[in-house]
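The structure under discussion appears below in the form of structure tokens.
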Amino acid sequence: MLGISFANPFLLGGMALASLPIIIHLLNRRRFKVMEWAAMDFLLKAAVRNRKRVRLENLLLLLVRTLVVVMLIMAVARPFTQVDDALASMFGSEGQTERILLLDDSHSMRAGQGNRPAFEVAKQLVRKLILRLHEERSNDRITLVLASDPYGGQSGGQSVEAASDNARRLAERIKGLRASDGVFDPEAAISAILDRQEGGESRLALDIVSDFRKKDWIDVDGNVAGPVRAAVSRFTEHGEVRLIDVGSSPVQNMGVVSLESRDRAVVAGVPTTFVARIKNHGPEPVDGSRIQVTFQFGETRLDPVRLEGTLRPGESAEVTQEFTFRDRGPAVVQARIPTEVLPGDDVRRLVVHVRKSMRFLLVDGEPDPEHYRGETDFLAASLMPPGNTVSGIDVEVIPESAFSGRQLETVDCVFLMNVYRLPDERVRLLEKFVEGGGGLVFFLGDQVDPAVYNATFYGKGEMAGKGLLPLSLLEEEGSSDDYFTLSPPQVDHPALRFLAGINEIVFRMVHVRRFIGARLQARDKQTRVLMSWTDDNNSPALAEKEYGRGRVLLWTTSGDNEWTDMPRSHIYLPLMHELARYVVKPDPTDTTKLVGSPIVLPFQPARMQRIAHVVPPAELGGTPVPLGLVPVDSVPAERKKSAFVFRYERTPIAGAYTVRLKTPQGEDYLRPYAYNVDPEEGDLRLADRKALTRMDRVSLHRASEESMLDTDDSDRTEFWRTLMYVMIALAAFETLLAWRFGHHKNKKIAAEGKQVFVR
Amino acid sequence: MPSTSHSNKYLDPAVLAEISRLDLRARQVVEGYVSGLHKSPRKGPSVEFAEHREYVQGDDIRHIDWKLWGREDRWYIKQYEEETNLRCNLLIDMSESMRFGTGPLNKFEYSATAAAAIAFLLLKQRDAVGIRLFDNELRDTVPLSSNWHALHNILTVVEQTEPQKKTEIAQTLTDFAEHAGRRSMVVLFTDLFVDPVDLEKGLRLLRHKRHEVLLLNVLDETEITFPFEENTKFLGLEQMPDLIAEPRALRDGYLEVLQEHFDAVRRICASMRIDYILLSTGDRLDKALAGFLAARARVVRSTTRR
């Protein structure tokens, strides 16, 4: 099929003008001057001789003149074709276009105005575009790409011919699409598109259908973010980019932006405080009392808690809820506010792993069988008081000599109390333990050699300050004749918050006679002094260091009452508990994720079988899906805990995903994962449209513009220029012909023949 | 020389002034008397002395009047009646085609003017001149005479002539040749829109009868150049059909056909020792005729010398 159409078909009626040269020719034959002619015989002979030639010349001129008119009429009618690359390339066409429709299906697209979410508007628009191309029998190919899955491609990862039935089917499938709970990463999406198109020869065109929120496109300077601009610029080397705006003005929206436990460990039977942070994303201030936050712990839903005060635009406020889990095991905690605009950002989930207890290992550097004479007696008694009191802490006390060979997998925190020294192997183990999240607390004493500790735990030379010890130790200070007390500490620290409002006399009641001086390296940002003695130097009493995922505390005095009477003070017990909960190995954090990130579970042959399943949320069907086991090398971001990991990619919806595992013995156990919407997805502020259009070869169209549905005219092959050139050439040819046919040699009878004389 | 009240139309003073210094000599032997101009087949003195004429190179020295030489110390020739009598018939085509003309004079008028001029010249030379008009047959005639009244008669005849019929040159020349009597010089004025075969037939008979022929082919300038541009309906003369044509398309072909015709005519003339000249009504007759006569005179003198 030739497939030639006309942009101005009504002008083709002018083809009647093509008869004009013929009419003029016929009219001219009826117009002549009349004269007598004596040499008619010669004229008749000439006419007979030239009859055929004259007829041919006249026909040729007529044909050329008619063609000129035809070319002119066709040129103004603007013919074009969209079929047949060979024909198109003959006329210098650009050929087929690979039209990529990038549909933003991020969570913010669920917002809209009225009852029409932006995603529904976007879907309708994309369907119209596809159907328009299909109806026009366009030569384009179409690929639909969802922002939540840029490498997958809704159309099966392959492009479809716009003119084929596959395009119609694609348009039909779009009806059933739902917006994901993920974010829109323009840079990643465009890069993925370019990667897939690499090596292709078709011209590209990209239509991005999105609400173009500020958080996705604009940086702090108000310009299009550098990586996004770079990705767009790379694409425009291959074709144009159209931004099709389905965004609506930002509306009032509140969101739960975080939910966490105040404690690093959630212990059954021990109250745990959970904190939810609520943010006002909207343009107007909100009265906090209107916002009810409902906490749910497992199946237990508590009464709502109201916010206090007024939240200005962009401000957030915390609301806390205390809860005591009865049973150990994983549990999902939710904090929810009433849904306003976006359902996904009104709830936040947290997976907690409720423990039976926190397991503390106390290493006694100077054991003494007499009660409360050992280094660890007071601490052990405070952490795990005798009787029915549930502290949530299990304490194990071992002598220093028993520490060698002791594995720490089942320990949440190690206390080294007046320990002289440890072998390097033990030190490495401790470093690995703390790095992995375990807690470590140093109590000093008379067995501690500062030089040894500095060399062993603090680090030497270039490694100074990189060890476990928060501070470098100096000399032993104090005397038995005098004492110091604790300076009132800064109570903004999570572990010391409970001291807020306490009378300072409480600190003065803590006496220390001896301690080891210590020094904080100014450049060490991981370390800070939490408490100080009241000596002249305000020497550190308690220091903290973050080491990997774990925390280290250093008391510069002893744990028993040899150097200090702190164990007998009022604050000792709550302080030790708070510090223990602060430094304990935390719950695993990889079970609470953002939508779109994969589930990655290290395979531990000793604990699980090779077969596992994931049960997605009900919106995704809720049917168990087998988990793939992949080698760790294919997951470069993962730490090599094992050689293989279970990996599951498809997490487009917020909610609980449960991994079902079996122990080697065949027992089932579950590992829940909580997926949340990106907390900033609730920020519905629009990107500055002017900033978007400042990008080269990028045009912005409102979804309401009808012209937005017009396919790029350049994918048509228009011929009018070629026809004009042909017409001009024909006109010149006609002029040349007319001159040539009408040109007479102007010869006269040869002069030498005029006279003849007989010689 | 008698008054020529008719001379204003056909006796062009410019032409006469141009050619009067020339003469028209017979090339070949003609009947009549030969003085210094025309040879005569007859020998001996003429019967009647007419006048003296100053000797010019080429004259027969037998006719030098030695007595007069003795007296005047200059040479003079005796002219007799007979030896000055060249008989010249002017044949003018008066067919319809001769009526055609785009300039001040049509072909007939141009021919008549030329004929009148030649008649004037001949009478000045005391030669006898007559005129015959023809179309499809011989028409009006003015008999040969060396009297100046002949000129008047010639002019009267041509003025009264209205060209309208077709040309039948073969028959016409045949009739003339058969009735012309003694051999003479025949000057033929025609546009030659005839079949060359017919022309040859007529001319051949004339030559057979020992007439000396001068053929003046008179054409209109447009007939020679065919300069027309616009679509034209050509109305044929002499019962020829009409033709609507685009002249530009036919020009080359027309000129080609015309050239072929002229070539044929010239071949015929050359083969019969007939002098031929193509005259265009666009040319100045005085120059054209004078040029023709002068050139012919040179040729005749060179021939006579041999």
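The values are calculated or read from the model by the stated rules, or taken from the named source; none is laboratory data. Computed from a prediction, not measured in an experiment: that's the story for all the values here. Cβ placement follows ideal geometry from the backbone for every residue including glycine, while neighbour counts extend to all protein chains displayed. SASA here: full protein model, heavy atoms, side chains in, ligands and nucleic acids out. Shrake-Rupley method; radii C 1.70, N 1.55, O 1.52, S 1.80 Å.
Scanning segment A:388-420 for residues that are under 19 Å from A:Glu578 (Cβ atoms) and surrounded by 12 or more Cβ atoms within 10 Å (Cβ to Cβ) returns A:Val390, A:Ser391, A:Gly392, A:Ile393, A:Asp394, A:Val395, A:Asp412, A:Cys413, A:Val414, A:Phe415, A:Met417.
Is at least one residue of segment B:243-257 among the hydrophobic types (A, V, I, L, M, F, W, C), in contact (Cβ under 8 Å) with a residue 60 or more places away in the chain and open to solvent by 10 Å² or more (accessible area, probe 1.4 Å)? No, because not a single residue in segment B:243-257 is among the hydrophobic types (A, V, I, L, M, F, W, C), in contact (Cβ under 8 Å) with a residue 60 or more places away in the chain and open to solvent by 10 Å² or more (accessible area, probe 1.4 Å). Within segment B:129-144, is there a residue that is within 24 Å of B:Leu293 (Cβ to Cβ), open to solvent by less than 60 Å² (accessible area, probe 1.4 Å) and in contact (Cβ under 8 Å) with a residue 60 or more places away in the chain? No - not one qualifying residue is present in segment B:129-144. Is it fair to say A:Asp195 is open to solvent by less than 60 Å² (accessible area, probe 1.4 Å) and of a type in the set (Asp, Glu)? For A:Asp195, the condition - open to solvent by less than 60 Å² (accessible area, probe 1.4 Å) and of a type in the set (Asp, Glu) - is not met. Among the residues of segment B:236-264, count how many are within 8 Å of chain A (Cβ to nearest Cβ) and assigned to a helix (DSSP H, G or I). The qualifying residues number 15. Restricted to segment A:552-627, the set of strands (runs of 3 or more DSSP E) holding at least 2 residues that are open to solvent by less than 20 Å² (accessible area, probe 1.4 Å) comprises A:599-602. Screening A:Lys215 against (1) part of a helix (DSSP H, G or I); (2) more than 15 Å from the chain's Cα centre (by Cα) leaves a single unmet condition, (2).
Among all residues of segment A:434-442, there is at least one that is under 26 Å from A:Thr273 (Cα atoms), open to solvent by 10 Å² or more (accessible area, probe 1.4 Å), part of a helix (DSSP H, G or I) and not hydroxyl-bearing (Ser, Thr, Tyr). Looking across segment A:29-40 at every residue that is assigned to a helix (DSSP H, G or I) and open to solvent by 70 Å² or more (accessible area, probe 1.4 Å), the one that is nearest to the other protein chains (Cβ to nearest Cβ) is identified as A:Arg29.
When A:Val351, A:Val347, A:Val333 are checked against the criterion of being open to solvent by less than 30 Å² (accessible area, probe 1.4 Å), under 24 Å from the mean Cα position of the chain (by Cα) and under 30 Å from A:Met384 (Cβ atoms), A:Val351 stands alone in meeting it.
Could you tell me whether segment A:636-646 includes any residue that is at pLDDT below 85 and among the hydrophobic types (A, V, I, L, M, F, W, C)? Yes: segment A:636-646 contains one or more residues that are at pLDDT below 85 and among the hydrophobic types (A, V, I, L, M, F, W, C). State all residues of segment A:443-458 that are in a loop (DSSP other than H, G, I, E, B) and out of contact with any strand residue (DSSP E or B) (no Cβ under 9 Å at 6 or more places or on another chain); if no residue qualifies, say none. Within segment A:443-458, A:Gln447 is the sole residue that qualifies. Looking at the structure I just gave you, is A:Asp207 within 21 Å of A:Ser148 (Cβ to Cβ), open to solvent by less than 40 Å² (accessible area, probe 1.4 Å) and assigned to a strand (DSSP E or B)? Taking the combined requirement at face value, the residue satisfies it. For A:Val121, the conditions (1) buried (at least 23 other Cβ atoms within 10 Å of the Cβ); (2) farther than 20 Å from A:Ile193 by Cα all hold with the exception of (1). Name the residue that is nearest to B:Val299 (Cα to Cα), counting only residues in segment B:226-235 that are open to solvent by less than 50 Å² (accessible area, probe 1.4 Å), at the interface with another protein chain (Cβ under 7 Å from one of its Cβ atoms) and in contact (Cβ under 8 Å) with a residue 12 or more places away in the chain. By that ranking, first place goes to B:Thr232. Scanning segment A:508-538 for residues that are among the charged types (D, E, K, R) and part of a strand (DSSP E or B), which turns out least open to solvent (accessible area, probe 1.4 Å)? The extreme case among them is A:Arg514.
Might you check whether a residue that is surrounded by fewer than 16 Cβ atoms within 10 Å (Cβ to Cβ) and either assigned to a strand (DSSP E or B) or within 21 Å of the chain's Cα centre (by Cα) (or both) occurs anywhere in segment A:243-257? Taking every residue of segment A:243-257 in turn, none turns out to be surrounded by fewer than 16 Cβ atoms within 10 Å (Cβ to Cβ) and either assigned to a strand (DSSP E or B) or within 21 Å of the chain's Cα centre (by Cα) (or both). The strands (runs of 3 or more DSSP E) located wholly in segment A:647-705 that include 2 or more residues which are of a type in the set (A, V, I, L, M, F, W, C) and crowded, with 20+ Cβ neighbours inside 10 Å occupy A:655-662.
The single residue among B:Leu155, B:Leu216, B:Leu188 that is buried (at least 24 other Cβ atoms within 10 Å of the Cβ) and within 13 Å of chain A (Cβ to nearest Cβ) turns out to be B:Leu216. With aromatic (Phe, Trp, Tyr) and in a strand (DSSP E or B) as the only criterion, which of A:Phe235, A:Phe274 stands out? Of the residues listed, the single one that is aromatic (Phe, Trp, Tyr) and in a strand (DSSP E or B) is A:Phe274. Checked against (1) outside any strand (DSSP E or B); (2) open to solvent by less than 40 Å² (accessible area, probe 1.4 Å), B:Arg126 passes all but a single condition, namely (2). Scan segment B:265-280 for residues that are open to solvent by 20 Å² or more (accessible area, probe 1.4 Å) and either more than 7 Å from chain A (Cβ to nearest Cβ) or of a type in the set (A, V, I, L, M, F, W, C) (or both) and the total you get is 3. Of the residues making up segment A:225-281, those that are within 20 Å of A:Leu103 (Cα to Cα) and among the aliphatic types (A, V, I, L, M) are A:Ala225, A:Val228, A:Ala230, A:Ala231, A:Val232, A:Val241, A:Leu243, A:Ile244, A:Val246.
Applying a threshold of 8 Å to beta carbon distances and a minimum spacing of six or more residues, or different chains, the list of pairs starting in segment A:162-187 at a residue that is among the polar types (S, T, N, Q) and ending at one that is surrounded by fewer than 24 Cβ atoms within 10 Å (Cβ to Cβ) and part of a loop (DSSP other than H, G, I, E, B) reads A:Asn166/A:Ser155; A:Ser180/A:Val595; A:Ser180/A:Gly596; A:Ser180/A:Pro652; A:Ser180/A:Ile653. Going by what's in this entry, would A:Glu462 be described as open to solvent by 10 Å² or more (accessible area, probe 1.4 Å), in a loop (DSSP other than H, G, I, E, B) and without any contact (Cβ under 8 Å) to a residue 12 or more places away in the chain? Answer is no for this residue. Of the residues contained in segment A:302-310, one or more are found to be open to solvent by 20 Å² or more (accessible area, probe 1.4 Å) and among the small types (Gly, Ala, Ser).
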